[in-house]
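Take a look at the structure below.
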Amino acid sequence: MLVATLDYLTNISGDISSPKIIDDLRLEEAADMATHDFLTGLYLRSIFDFTLERMVVEHQRHNKELSLLLLDIDDFKKVNDNFGHPAGDDVLRRISKLIIGSIRKADFPARFGGEEIAILLPETSIEQATVLANKLCKNRRHCFAENGPAITVSIGVSSIHKQGATIASELVQKVDKAMYEAKRSGKN
């Protein structure tokens, strides 16, 4: 999928008799544009969906745990309404930066939609994922100035256990339900 996208982005002329050769930097930029959200720097939802399917199969095959976090910025609409969309964009960037700085290289953060961010945590138990979720909730307050919007996040946690059989859509369903339960029980 990535090769086809890169081929399209770099060979738009449609003339296959004279293919274009691009340097490594432009190739890397094209790959980044095709796979990452421009605002947050996180992976795109389509890349997340593809990766999730592959990770679920791989973790089941090797009887390893796989956890998923789904983070939603509480009352995000109020941030946009009261402080403006540039402030909302800044909140998304800061939360994304916090996430990227808090996870391992093997973890996979993606902009799931709007103000929701999903984080795949390979070989991570639900207990370890819960520790990370609590750390993100706690540390988010260090991202924002005292006079800015009061930002809290609600995070759902779900996991595939070593011997459990789950498909990707069930994992997403479970984490979504857990995230909404966090919102119903007081947010943050």
**Prompt:** For the stretch 34-75, which chymotrypsin sites (Phe, Trp or Tyr not before Pro) are in a loop by DSSP, counting at most 11 other Cβ atoms within 10 Å?
**Reply:** Phe38
**Request:** Step through the residues of the stretch 106-119 one at a time and calculate ³J(HN,Hα) from phi using the Karplus curve (6.51 cos²θ - 1.76 cosθ + 1.60, θ = phi - 60°), rounding each to whole Hz and writing x for Gly and Pro.
**Result:** 6, 6, 10, x, 9, 6, 7, x, x, 9, 9, 10, 9, 9
**Message:** I'd like to know which of Phe144, Gly113, Ile126 lies farthest towards the positive end of the charge dipole of the stretch 107-154, counting +1 on Cβ of Lys and Arg and -1 on Cβ of Asp and Glu.
**Reply:** Phe144
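Over all distinct Cα pairs, what is the inverse of the mean 1/r for the stretch 57-151, reported as the Kirkwood hydrodynamic radius in Å? Spell out each step's value before the answer.
On the way: mean 1/r = 0.0698 Å⁻¹.
Taking the inverse mean of 1/r over all distinct Cα pairs, the stretch 57-151 comes out at 14.3 Å.
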**Asked** Tell me, what % of the accessible area of the stretch 65-139 is carbon and sulfur with a 1.4 angstrom probe?
**Response** 53 percent
**Asked** Leaving out ligands, DNA and RNA but keeping every protein chain, what accessible area does Ile151 have, in Å² rounded to the nearest 10, with a 1.4 Å probe?
**Response** 10 Å²
**Message:** Can you work out the Karplus-derived ³J(HN,Hα) for every residue in the stretch 170-181? Use 6.51 cos²θ - 1.76 cosθ + 1.60 with θ = phi - 60°, whole Hz, and x for glycine or proline.
**Reply:** 5, 4, 5, 4, 5, 5, 5, 4, 5, 5, 5, 5
**Asked** With every protein chain in place, what's the accessible area of His85 (1.4 Å probe, Å², nearest 10)?
**Response** 120 Å²
**Request:** Search the structure for amide H atoms under 5 Å from the amide H of His36, placed 1.01 Å from N in the peptide plane, and list their residues when 5 or more places away or on another chain.
**Result:** Leu44
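The values are calculated or read from the model by the stated rules, or taken from the named source; none is laboratory data. Keep in mind the model is a prediction, meaning the values are calculated, not measured. Because the Cβ atoms are built from the backbone with ideal geometry, glycine has one as well, and the counts that use them run over all protein chains shown. Accessible surface is based on the protein model in full, side chains and every heavy atom, while ligands, DNA and RNA are left aside. Shrake-Rupley method; radii C 1.70, N 1.55, O 1.52, S 1.80 Å.
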